[in-house]
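Step one of this worksheet: look at the structure below.
Please treat every number below as a calculation from the coordinates, not as lab data. Note that the coordinates shown come from a computational prediction; the quantities given were computed from them, not determined experimentally. Virtual Cβ from ideal backbone geometry, glycine too; neighbours counted across all protein chains shown.
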Amino acid sequence: MDIRHTPTVCPYCGCGCGLTLETAEGRVLRAIPTADAPVNRGRLCVKGWNVHDFVQHPDRLTRPLLREDRETRPLDWESALDLAARELHRIRDAYGPDSIGILTSARCTNEENYLLQKFARCAVGTHNIDHCARL
Amino acid sequence: MTNPFDDLERSDCLLVVGSNATVAHPMVGMRLLRRKRAGGFLIVADPRRTTLAEQADIHLRLRPGTDVPLFNGLMRIIHDNGWHNREFIETRTENFPALLDAIAPWTPEATEAATGVPRDLLFRAAEAYAVSAASSIVYCLGVTQHRCGVNNVRVLADLAMLCGQIGRPGTGVNPLRGQNNVQGSCDMGGLPDYYPGYQKADDPAVREAFARAWGCPQPSTPGLTSLEMMEALHKGTLKAMIILGENPVVSDPDANHVRQALSKAEFLLCIDIFPTPTTELAHLTLPGASFAESEGTFTNSERRVQRVRQALPPLAGRSNSRVIQELSTRMGYPMPPDSPAAVFDEICALTPLLRGMSHERLDRESLCWPCPDKNHPGAPMLHADRFTRGKGLFAGLAHVPPAELPDAEYPLLLNTGMGHSQYLTGTMTRRCPMLEREMPHLEVDMHPDDARALGLRNGARARLSSRRGAVAARVHITDAVPAGTVFAPLHFAEAPVNLLTSAERDPVSKTPEFKICAVRVEKV
């Protein structure tokens, strides 16, 4: 079994502890604290130690889901992205760009946050972009 | 934070306000307790007797919502006794007379009457903070989640400036951020009023610069905050929403109102890793990639930018970045499938605070912004020689009482927050068996006197209600909460405490008053 170690950052609070994910055959075996990480220096809290359990939980969403009336049906990625773009286009053309609002995520990376605010300001054309910082 | 985590262990006096750090920020809690054990003086201001409060030299057990009276009172004692730092006030600050006016009414007697904190504790805390060689303030959501949250932060800044306890190792005013990348989301311009790096969206020159960099004319109408978006959905002026990795139906105040708002959207697109009460309302839900499947960076409370590395391929086949890029291209603004490293280079080129960073550099060392060039070592400590605006501005603040206090109909005050083994809306932690076993359902902390009056035993089932909604809970009897108040964690989607909370907000930050609303508890 080929075991890989990937040093990364815990996804919970704002401490930013270094944790290392131990993976093999497409699964996370465990999370261990990164020994030389500046915030935690080889320690983790109980949430960090258990982080792998949610990553591969069977409830994870794996396919785009479309809700029609009371039915939900899976879509492939191409159809889902086409449908999203079509709906957003329609609403922007009918009501203007400020009729669309976007919540970005304090759980996601800087790069993803940057891209989504750029999407709001360029692809949609609105400053209606916010996230949970004020909660 | 103005100072790094490690600085807490260089502090002689630690003033912790509205933070349950051993639960919510364990690595900070650990440093605070370690410093206390090594001889540091620990002051905790909190209505609850938290683990930190139990260990503290002084516990200032203020009445909820009386932060401004408490710290104005401390400042008046400091000034009356000449413990303030005249040289710092002279050279580094302005508007000092306004501070003197604001603290004048807060005699020790008036402060004790308003806050419930005995005078001798006020004197001891004031002296310890002011005269220690290096004193640090650490605060969290107990300070900000009030209708006067911004005032509560500014009164702490006033206190730090009055005593010159800022800009040196072991000092500072240090907010603890609640989420892995809430600092980064703000830094990246995930805000209606700011482009990346806090460049103002209402400044035509800034808009022009981004229009040029992005090859796209920029909107000039001001954007809406998240809670304003919910109002706009209700009014019908907002028609569609995209929600990435958030669960406002559980996390926002007055949750019934939020659910109704989102139900009115013509099109709701959610991107998330799990089904949530929010994705249930979505017309289309796209599967998100978790942190373990993502490549990029997070920025912690210290402004430390650290590398996030992909350990597994995205479970559903696409990274979050690629989903945004493909959607943008389909909307008529082409975004090439740039790698996260290339996107980060673009960010740094447009964000002076981060200009000296790159993934390659962050692979070798984490860096705290501002880091303006390739050779800059980053800046773990801010405000050493000057404040961002030049001189520090004393605010001088008046007391704003909470919006909804207990009355005959709803006689108890509800405070909300986190438990030790769960996190926020529980989407992740409740799927970790070991964490869920520790805290499987909603328990409401209640003082023994209140429980006795209501005839409730420990573990009893009860109904907790406010003017906005009700949840089922079990009672946990403890004198860690003051009589007349109850505390409830927000993690449980089947008993969402935010059905009860008030959407009353701070006028500047728009932060809701999660820490105070009136409730009643009934035996069922």
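In whole Å, what is the distance between the alpha-carbon centres of segment B:281-356 and segment B:39-55?
Rounded to whole Å, the Cα centres lie 39 Å apart.
So how tilted is helix A:77-95 from the main axis of chain A? Cα-based, degrees 0 to 90, rounded to 10.
Taking Cα atoms only, the helix is inclined about 50 degrees.
Would you pull out the residues with amide H under 5 Å of residue B:415's amide H, same chain only if 5 or more places away, H placed 1.01 Å from N?
B:486, B:487, B:488
Determine the distance separating the Cα centre of segment B:365-441 from the Cα centre of segment A:1-75; give it in Å without decimals.
Result: 23 Å between the Cα centres.
For segment B:348-490, what is the percent of antiparallel DSSP beta bridges, rounded to the nearest 5? Don't skip to the end; give the middle numbers.
Details: 8 of 17 bridges.
Approximately 45 percent, going by the DSSP bridge assignments.
For the cross-link pairs B:200/B:239; A:47/A:118; A:118/B:239; B:391/B:515, which exceed 23 Å when the distance is taken from alpha carbon to alpha carbon? Present the calculation step by step, with values, prior to reporting the outcome.
Details: B:200/B:239 26 Å; A:47/A:118 33 Å; A:118/B:239 20 Å; B:391/B:515 32 Å.
B:200/B:239; A:47/A:118; B:391/B:515, as the Cα separations exceed 23 Å there.
Assuming R0 = 45 Å, what is the FRET efficiency of residue B:524 and residue B:95, from their Cβ-Cβ distance, to the nearest 0.05? Working shown, then result.
On the way: r = 54 Å, r/R0 = 1.20.
FRET efficiency, residue B:524 to residue B:95: 0.25.
Looking at chain B, which Cys residues are left with no other cysteine's beta carbon under 4.7 Å from theirs?
When partners are defined as cysteine Cβ atoms under 4.7 Å apart, chain B leaves B:13, B:140, B:148, B:163, B:186, B:270, B:348, B:368, B:371, B:432, B:517 without one.
So, in nm, how far is label residue B:6 from label residue B:449 when the simple model puts each one 7 Å beyond its Cα toward the Cβ?
4.7 nm
Calculate the dipole size of chain B relative to its Cα centre from +1 charges on Lys and Arg beta carbons and -1 charges on Asp and Glu beta carbons; express the result in debye to the nearest 20.
Dipole about the Cα centre, nearest 20: 580 debye.
In whole Hz and in residue order, list the ³J(HN,Hα) couplings for segment B:404-419 that follow from phi through the Karplus curve 6.51 cos²θ - 1.76 cosθ + 1.60, θ = phi - 60°; x for Gly and Pro.
10, 9, x, 9, 5, 6, 10, x, 10, 9, 9, 10, 10, x, 10, x
Could you give the semi-axes, largest first, of the ellipsoid that matches chain B, computed as the square roots of 5 times the alpha carbon gyration tensor eigenvalues and rounded to whole Å?
Working: eigenvalues 267, 202, 95 Å².
So the equivalent ellipsoid measures 37, 32, 22 Å along its semi-axes.
Using only the alpha carbons of chain A, determine the length spanned along each of the three principal axes and report them from longest to shortest in whole angstroms.
55, 33, 25
List the residues whose amide H sits under 5 Å from the amide H of residue B:16, counting only those 5 or more places along or on another chain, with H placed 1.01 Å from N in the peptide plane.
B:43, B:44, B:45, B:138
Taking amide H positions as placed in the peptide plane 1.01 Å from N, state which residues far from residue B:392 in sequence (5 or more) or on other chains have amide H under 5 Å from it.
B:93, B:94, B:387
Which of the listed residues, B:453, B:286, B:416, is farthest toward the dipole's positive end in the protein assembly as shown, when Lys, Arg count +1 and Asp, Glu count -1 at the beta-carbon?
B:453
Considering the options B:267, B:473, B:227, tell which one lies farthest towards the positive end of the dipole of the protein assembly as shown, charges being +1 on Lys and Arg and -1 on Asp and Glu at the Cβ, about the Cα centre.
The residue sitting most towards the positive pole is B:473.
Full extension from residue B:391 to residue B:206: what is 0.36 nm times the residue separation minus their Cα-Cα distance, to one decimal in nm? Please report the intermediate quantities before stating the final value.
On the way: separation 185, 0.36 × 185 = 66.60 nm, distance 2.45 nm.
My answer for the length gained is 64.1 nm.
Give a residue-ordered list of calculated ³J(HN,Hα) values for segment B:55-70 (Karplus: 6.51 cos²θ - 1.76 cosθ + 1.60, θ = phi - 60°; whole Hz; x for Gly, Pro).
Each residue of segment B:55-70 in turn: 8, 6, 5, 9, 10, 8, 8, 6, 5, x, x, 10, 4, 4, x, 4 Hz.
Find which of B:429, B:369, B:405 sits farthest along the positive direction of the dipole of segment B:360-440, computed with +1 on the beta-carbon of Lys and Arg, -1 on that of Asp and Glu, about the Cα centre.
Positive-end residue among those listed: B:369.
Treat every Asp and Glu Cβ in the protein assembly as shown as -1 and every Lys and Arg Cβ as +1, leave all other atoms uncharged, and give the resulting dipole magnitude about the Cα centre to the nearest 20 debye.
On the way: 73 positive and 76 negative charges, 128 e Å.
Result for the protein assembly as shown is approximately 620 debye, rounded to the nearest 20.
Set the Förster distance to 45 Å, then compute FRET efficiency between residue B:474 and residue B:119 from the Cβ-Cβ distance, nearest 0.05.
On the way: r = 38 Å, r/R0 = 0.86.
Efficiency, rounded to the nearest 0.05: 0.70.
What is the magnitude of the charge dipole of segment B:5-176 about its Cα centre, with +1 placed on the Cβ of each Lys and Arg, -1 on the Cβ of each Asp and Glu, and no other charges, expressed in debye to the nearest 20? All intermediate terms of the calculation are to be shown ahead of the outcome.
Working: 18 positive and 18 negative charges, 109 e Å.
Its charge dipole is roughly 520 debye.
Sorted by mean Cβ packing within 10 Å, highest first, what order do the peptides B:24-34, A:97-107, B:458-468, B:401-411 take? Numbers along the way, then the final one.
Details: B:24-34: 22.0, A:97-107: 25.0, B:458-468: 16.5, B:401-411: 14.5.
Peptide ranking by packing, descending: A:97-107, B:24-34, B:458-468, B:401-411.
Sum up the charges of everything whose Cβ sits under 14 Å from the Cβ of residue B:195, counting Lys and Arg as +1 and Asp and Glu as -1, but leave residue B:195 out. Can you show the working numbers first?
Values: positive: A:118, A:121, B:200, B:207, B:212; negative: A:130, B:187, B:193, B:202, B:203, B:208, B:346.
Spelling it out: positives minus negatives among the neighbours equals -2.
With the crude spin-label approximation of a point 7 Å out along Cα→Cβ, what separation in nm comes out for residue B:365 versus residue B:329?
Label-label distance for residue B:365 and residue B:329, simple model: 3.8 nm.
With label points built 7 Å along Cα→Cβ from the Cα atoms of residue B:407 and residue B:256, find their separation and express it in nm.
So the label points at residue B:407 and residue B:256 sit 1.7 nm apart.
Rounded to whole Hz and in sequence order, give me ³J(HN,Hα) for segment B:223-240 from the Karplus expression 6.51 cos²θ - 1.76 cosθ + 1.60, θ = phi - 60°, writing x for Gly and Pro.
Residue by residue, segment B:223-240 yields x, 9, 7, 4, 6, 5, 5, 5, 4, 5, 5, 4, 6, x, 8, 9, 10, 9 Hz.
Exposure proxy check: B:471, A:46, B:117 ranked by fewest other beta carbons within 10 Å? Please report the intermediate quantities before stating the final value.
Details: B:471 21, A:46 14, B:117 24.
With the sparsest Cβ surroundings first, the list reads A:46, B:471, B:117.
What does the highest-first list of B:434-444, B:165-175 look like by mean Cβ count within 10 Å?
Details: B:434-444: 17.1, B:165-175: 23.2.
So the order, starting with the most tightly packed, is B:165-175, B:434-444.
Peptide B:300-307: average number of partner chain Cβ atoms within 10 Å per residue? Walk me through the numbers on the way to the answer.
Working: counts 9, 5, 5, 0, 5, 2, 10, 5.
Counting other chains' Cβ atoms within 10 Å and averaging over B:300-307 gives 5.
What FRET efficiency comes out for the pair residue B:483/residue B:438, r = Cβ-Cβ distance, R0 = 35 Å, nearest 0.05?
Numbers: r = 27 Å, r/R0 = 0.78.
Computed FRET efficiency for residue B:483 and residue B:438 comes out at 0.80.
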